[in-house]
Amino acid sequence: MRHSPLSRPMVAVAHGSRDPRAAATVAALLDAVRARRPDVPVHASFLDHAAPAPAQVLDGLARDGVHEAVVLPLLLTSAYHSKTDIPGVLNRVRALHPGLDVRTAGTLGPHPLLLDALDRRLAEVGVEPGDPDTAVVLVSAGSSDASANATVARLARQWRSRGFRDVVAAYATAARPAPAEAVTALLAAGAPRVAVASYVLSPGHFADKIRAESLAAGATAVSPALGAAPEIADLVLRRYEELEVARTAEAV
């Protein structure tokens, strides 16, 4: 398949999971992206546990005669996968295909559109956006990268300004507080209700863990994964188009 140089292929890179719901969610998200920009060839890939791998997709594009591609991390924070795994893959691809110009777009987060998507998902489980009687725990998967966890904490502080009684960050693994600890602390501080917002892209192990631990600790509601929320599809394209603008500026 030949692609126009005006619509560089997008190779979206998700974490990957053994849970089939995760790949199905990525497929639904990328379908929404294609509907917004039918001129952009969009390809899914996964770092772990699912096929195809990013290198397979890029190898296929190079063999089809594509000279430029955009790798777009479907990651909510910049951590090990975006700082180490993806650059390592691209270094190997460039060594095999020196004629393929591959650029990497920014990770999805942080961005204000994520707060809009989080509001949407909480509303779906009965939590009014900005409800002053509700405290919210924003739970990410967690990372060994302290800067990634700090990004989630900053996002929580930004979300608090939209009217909730409080918003605090928590982490399903690798950092503290855990979801149950954060829920318990907010209830002990007098919050009438505590809702938990799942800051994960797809359903699977972490989303299930967040839900089970939060409900057991007394949370009144737990939002589903962000998935194919319209704001996430818009954000994917925003990251793609930011890179396109940068390429154009370089060419001037």
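Some points to look at:
- For the chain, the membrane-span-like helices by this rule, meaning whole DSSP H stretches whose C-alpha atoms cover at least 18 Å of axis and whose Kyte-Doolittle mean is -0.5 or above, are 20-36, 112-124, 146-160, 230-251; this says nothing about an actual membrane.
- Its DSSP H runs of at least 4 residues, each contributing -39,500 (n - 2.57), put the calculated 222 nm mean residue ellipticity of the chain at -14000 deg cm²/dmol, to the nearest 500.
- Segment residue 53-residue 84, extension gain: residue separation times 0.36 nm, minus the distance between their alpha carbons: 9.6 nm
- The accessible area of residue 104, taken with all protein chains in place and a 1.4 Å probe, comes to roughly 60 Å².
The values are calculated or read from the model by the stated rules, or taken from the named source; none is laboratory data. All values derive from a computational prediction rather than experimental measurement. Each accessible area value is taken on the protein alone, full model and side chains, heavy atoms only, with ligands, DNA and RNA left out. Shrake-Rupley method; radii C 1.70, N 1.55, O 1.52, S 1.80 Å.
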